[in-house]
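Before any comments, here is the structure.
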Amino acid sequence: MDISVRQARPGDQDALALVGAATFLESYAGVVDGGAIIRHCAERHTPEVYAQALETPGQALWLAEQDPGAAPVGYLHLTEPDLPVETRAGDLEIKRIYVLPSLHRSGLGRRFLDAARDHAGAAGARRLLLGVYQGNTRALAFYDRMGFQKIGTRQFDVGGRVYDDWVLALEV
């Protein structure tokens with residue numbers, strides 16, 4: 001299986017939206033109300049949302065593609081922090097690391113985290129922050145293995161329903 005990871009660029013918004021909605025559905029079906037999932041994806045996983053992110057200074061995205069045919073299979077989204085915790089100058093937020101479930105434990109999440117660390121280092125950032133659903137034991141185990149520490153909580157609205165997230169930090 002050949003998977004390439006590259007920085008996303010304008011024109012990748014359709015691929016980002018597809019893998020964003022697919023991974024969100026797979027991760028939260030059976031956890032989050034179906035109507036809330038549909039509303040969330042219709043609002044936050046559209047090509048227009050990703051096109052705007054690709055054009056916004058302070059945001060960076062990476063896209064993973066599987067050959068043959070460069071099918072989108074995951075992505076990383078970095079941005080300036082928007083979390084309810086005390087932040088430091090130069091902190092970066094991992095807005096999302098999404099990987100199709102068939103590629104969990106393939107090393108792709110680690111490759112995305114390495115890209116985030118490299119980007120943070122080049123930008124002079126010293127810490128990566130992220131929010132993760134408190135019930136997402138698989139993701140929490142991954143972030144724990146990678147050295148993230150809990151530093152707070154936040155509430156996250158999905159289609160009008162509020163869920164609790166842990167806010168995690170990793171020194172780079």
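Assuming charge only on the beta carbon of Lys and Arg (+1) and of Asp and Glu (-1), the dipole of the chain about its Cα centre is about 440 debye to the nearest 20.
Summing charges over all other residues whose Cβ lies under 14 Å from the Cβ of Val31, with Lys and Arg as +1 and Asp and Glu as -1, gives -2. Report the Cα centroid-to-centroid distance between region 79-109 and region 43-66 in angstrom, as an integer. Value for the Cα centre distance between the two parts: 14 Å. Using a Gaussian network model on the chain with a 10 Å cutoff between Cα atoms, which of Ala36, Ala64, Ala17 fluctuates the most? Checking each option, the largest mean-square fluctuation is seen for Ala36.
Simple point charges give the picture: +1 on the Cβ of Lys and Arg, -1 on the Cβ of Asp and Glu, and for region 42-135 a dipole about the Cα centre of about 400 debye.
Mean-square fluctuation check for the chain, GNM, Cα pairs under 10 Å: which of Val158, Val49, Val31 is largest? Among Val158, Val49, Val31, the largest mean-square fluctuation in the Gaussian network model of the chain belongs to Val31. Springs between alpha-carbon atoms under 10 Å, Gaussian network over the chain: tell me which of Val73, Val19, Val162 tops the mean-square fluctuations. Top of the fluctuation ranking is Val162. Once Cα Rg over 2.2 N^0.38 Å is calculated for the structure shown, the corresponding label among (1) 0.98; (2) 1.10; (3) 1.17 turns out to be (1). When you restrict to C-alpha pairs under 8 Å that are six or more residues apart and normalise by the size of the chain, the relative contact order lands at 21 percent.
Among Ala15, Ile151, Pro84, which residue has its Cα positioned farthest towards the positive end of the charge dipole of the chain, with +1 placed on the Cβ of Lys and Arg, -1 on the Cβ of Asp and Glu, and the dipole taken about the Cα centre? Value: Ile151. Under 5 Å between amide hydrogens, built in the peptide plane, is the criterion, and for Val73 it picks out Ala64, Glu65, Gln66 among residues at least 5 positions away or on other chains.
Computed over the chain, the per-residue total of -39500 (n - 2.57) for DSSP H runs of n ≥ 4 gives a 222 nm mean residue ellipticity of -11000 deg cm²/dmol, rounded to 500.
Karplus-derived 3J(HN,Hα) values for region 153-168, using 6.51 cos²θ - 1.76 cosθ + 1.60 with θ = phi - 60°, are 9, 8, 10, 10, 8, 10, x, x, 10, 9, 10, 9, 10, 8, 9, 10 Hz; glycine and proline are entered as x. All other residues whose Cβ lies under 13 angstrom from that of Arg127 are scored, Lys and Arg at +1 and Asp and Glu at -1, for a net of -2. Between amide H atoms placed 1.01 Å from N, distances below 5 Å from Val172 occur with Arg127, Leu128, all of them 5 or more places distant or on a separate chain.
Bear in mind these aren't lab numbers, they're just calculated from the coordinates by the rules spelled out. This structure is a prediction, so every number in the text was calculated from the model and none was measured. A quick note on method: Cβ atoms are made from the backbone with ideal geometry, for glycine too, and the neighbour counts reach across all protein chains shown.
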